[in-house]
1. Within the range 42-89, how many residues are more than 25 Å from L11 (Cβ to Cβ), in a loop (DSSP other than H, G, I, E, B) and not small (G, A, S)?
2. So which pairs qualify, if the first residue must be in the range 10-27 and in contact (Cβ under 8 Å) with a residue 24 or more places away in the chain, the second must be assigned to a helix (DSSP H, G or I), the Cβ gap must be under 7 Å, and the two must be at least 6 apart or on different chains?
3. Among the residues of the range 41-53, write down those that are loosely packed, with under 11 Cβ neighbours inside 10 Å and over 19 Å from N4 (Cβ atoms).
4. Just a yes or no: is a residue in the range 15-30 in a helix (DSSP H, G or I), out of contact with any Phe, Trp or Tyr (no Cβ under 9 Å at 6 or more places or on another chain) and either assigned by TED's automatic domain parsing to the domain that holds M59 or within 20 Å of L56 (Cα to Cα) (or both)?
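The values are calculated or read from the model by the stated rules, or taken from the named source; none is laboratory data. From a predicted model like this one, the values you see are computed outputs, not experimental measurements. So basically every Cβ, Gly included, is an ideal-geometry build from the backbone, and we count neighbours across all protein chains shown.
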Amino acid sequence: MLFNSLPFIFLFLPVSVLVYYALIRRRAVLGARVFLVGASLFFYAYWNVYYLPLILISMAVNFSIGSVLSLPPRKLELTLNSYCRLASR
């Protein structure tokens, strides 16, 4: 599914927006976030399911690096993160 395809524009996007705002109106912020993550994973898996593990690994790595960086900074962690990000380019 592409961003400019008819199923995305007329089905996936409206349903995602409506469900997200319905959850927000019910004050289910965590549920809305979980829904957006699930909808995002469905969107990428719909195109090619073999890329789903790659996206999940990328999400886990980015989450763990973000969690470490939210702590008071230490020189070793900042250096390792910078090295990993520059090495991946």
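1. 5
2. F12/F43
3. Hits for the range 41-53 are V49, Y50, P53.
4. Yes, there is a match, as at least one residue in the range 15-30 is in a helix (DSSP H, G or I), out of contact with any Phe, Trp or Tyr (no Cβ under 9 Å at 6 or more places or on another chain) and either assigned by TED's automatic domain parsing to the domain that holds M59 or within 20 Å of L56 (Cα to Cα) (or both).
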